[in-house]
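Here is the structure we will look at, set down as structure tokens.
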Amino acid sequence: MPKPVNVRVTTMDAELEFAIQPNTTGKQLFDQVVKTVGLREVWYFGLQYTDTKGFPTWLKLDKKVSAQEVRKENPLQFKFRAKFFPEDVPEELIQEITQKLFFLQVKEGILSDEVYCPPETAVLLGSYAVQAKFGDYSKDVHKSGYLTTERLLPQRVLDQHKLSREQWEERIEVWHTEHRGMLKEDAMLEYLKIAQDLEMYGINYFDIKNKKGTDLWLGVDSLGLNIYEHDDKLTPKIGFPWSEIRNISFNDKKFIIKPIDKKAPDFVFYAPRLRINKRILQLCMGNHELYMRRRKPDTIEVQQMKAQAKE
Amino acid sequence: EAKEKARAKRANKRAPQMDWSKKHEIFSNF
């Protein structure tokens, strides 16, 4: 009997341990995780690991885990994360566990300044996060300083606006009282509904160059590809919606977008290395698949989920 | 009002509509 391999998978709010076989595939491990977590909307998620060169990499589901260059540790380390984002949160996210995992991941992205968020929106989002954690505000329960140990706002907002910690807490407390009567799950959904409109929400950025060698950003998201100038990740200058794209491919560092209109010329940019183009293509294919799926009738499974969620 | 401000950003997430030759022109001139 081959020696089992110890694996640790961290989700946004749990740590799971498994012993897998050397021939266990990525999908088999992924299925064990979603079964344990009770998640059925699996199409948004993936398992991310650090490869032997130190790069974050998504686990391929159709290959054995042992055949992928996972950094050698005992146990092997994986993060269970959302890899694709819905076009519209309230429309698409069905299960509460899905909404919670997205809420925790998006909140982390905002608080760590990975996703830019303006101050007033950050305060509003912070108050929904407080409602999601504490429930209704109560003078008896929530004594002064109840937010002191909470991570409420992105560091950039704290740095840019010279308010004291107490003043920030006061502002959030005012909003917290406003949310009275809102269920924790609804507060998470409100958080996501606001966050999804932030410019950088749900966008995968890649460093690219044009033929002239100018540094630019490529953004890949649920609706297509965008090009940004290097000093402004918020404002897309050129867009390629999935509906306008006939084909995408790459050849080493060169990436080619072919338009639906065959008379229009191909669009070419350059990534720093082949591995980046592989990741771009992977994200394009996954996002495009979900884009097409949303425009078809619900599968039986999704219909069942929606019915159960309603119950 | 804060919610409206946040929602107003939704439009910023897509680039302006333009035909592909215009996209080419802008991209190569960056």
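The values are calculated or read from the model by the stated rules, or taken from the named source; none is laboratory data. Not measured: the values here are computed from a predicted model. Here Cβ is always computed from backbone atoms with ideal geometry, including for glycine, and neighbour counts include all displayed protein chains.
Residues are listed down the side, and each one gets a yes or a no for (1) over 30 Å from A:Thr57 (Cβ atoms); (2) touching a helix residue (DSSP H, G or I) at 6+ places or on another chain (Cβ under 8 Å):
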site	(1), (2)
A:Arg273	no, no
A:Asn277	no, no
A:Cys284	no, no
A:His288	no, yes
A:Arg293	no, yes
A:Pro297	yes, no
A:Met305	no, no
A:Gln308	yes, no
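Can A:Ile110 be described as under 30 Å from A:Asp232 (Cβ atoms) and either in a helix (DSSP H, G or I) or among the β-branched types (Val, Ile, Thr) (or both)? So A:Ile110 passes the test. Of the residues making up segment A:216-257, those that are assigned to a strand (DSSP E or B), within 12 Å of chain B (Cβ to nearest Cβ) and charged (D, E, K, R) number 3. Residues in segment B:1-25 that are under 23 Å from A:Tyr116 (Cβ atoms), in a helix (DSSP H, G or I) and at the interface with another protein chain (Cβ under 7 Å from one of its Cβ atoms): 9 in all.
I'd like to know if segment A:145-167 contains one or more residues that are surrounded by 14 or more Cβ atoms within 10 Å (Cβ to Cβ), at negative phi and assigned to a strand (DSSP E or B). No, there is no match, as no residue in segment A:145-167 is surrounded by 14 or more Cβ atoms within 10 Å (Cβ to Cβ), at negative phi and assigned to a strand (DSSP E or B). Being out of contact with any Asp or Glu (no Cβ under 6 Å at 6 or more places or on another chain), modelled with pLDDT under 95, among the basic types (Lys, Arg) and not in a strand (DSSP E or B) is the requirement here; does A:Lys306 meet it? So A:Lys306 fits the description; yes. Selection within segment A:178-215: residues that are in a loop (DSSP other than H, G, I, E, B) and out of contact with any Phe, Trp or Tyr (no Cβ under 9 Å at 6 or more places or on another chain). The member of this set that is nearest to the other protein chains (Cβ to nearest Cβ) is A:Asp197. Among the residues making up segment A:267-298, a single one is surrounded by 15 or more Cβ atoms within 10 Å (Cβ to Cβ) and charged (D, E, K, R): A:Arg279. One residue is enough: does segment A:23-40 have a residue meeting the conditions surrounded by 15 or more Cβ atoms within 10 Å (Cβ to Cβ), more than 23 Å from the chain's Cα centre (by Cα) and assigned to a loop (DSSP other than H, G, I, E, B)? Yes, there is a match, as at least one residue in segment A:23-40 is surrounded by 15 or more Cβ atoms within 10 Å (Cβ to Cβ), more than 23 Å from the chain's Cα centre (by Cα) and assigned to a loop (DSSP other than H, G, I, E, B). Going residue by residue through segment A:99-114, is there one that turns out to be within 14 Å of another protein chain (Cβ to nearest Cβ), under 15 Å from the mean Cα position of the chain (by Cα) and surrounded by 16 or more Cβ atoms within 10 Å (Cβ to Cβ)? Scanning segment A:99-114 turns up at least one residue that is within 14 Å of another protein chain (Cβ to nearest Cβ), under 15 Å from the mean Cα position of the chain (by Cα) and surrounded by 16 or more Cβ atoms within 10 Å (Cβ to Cβ).
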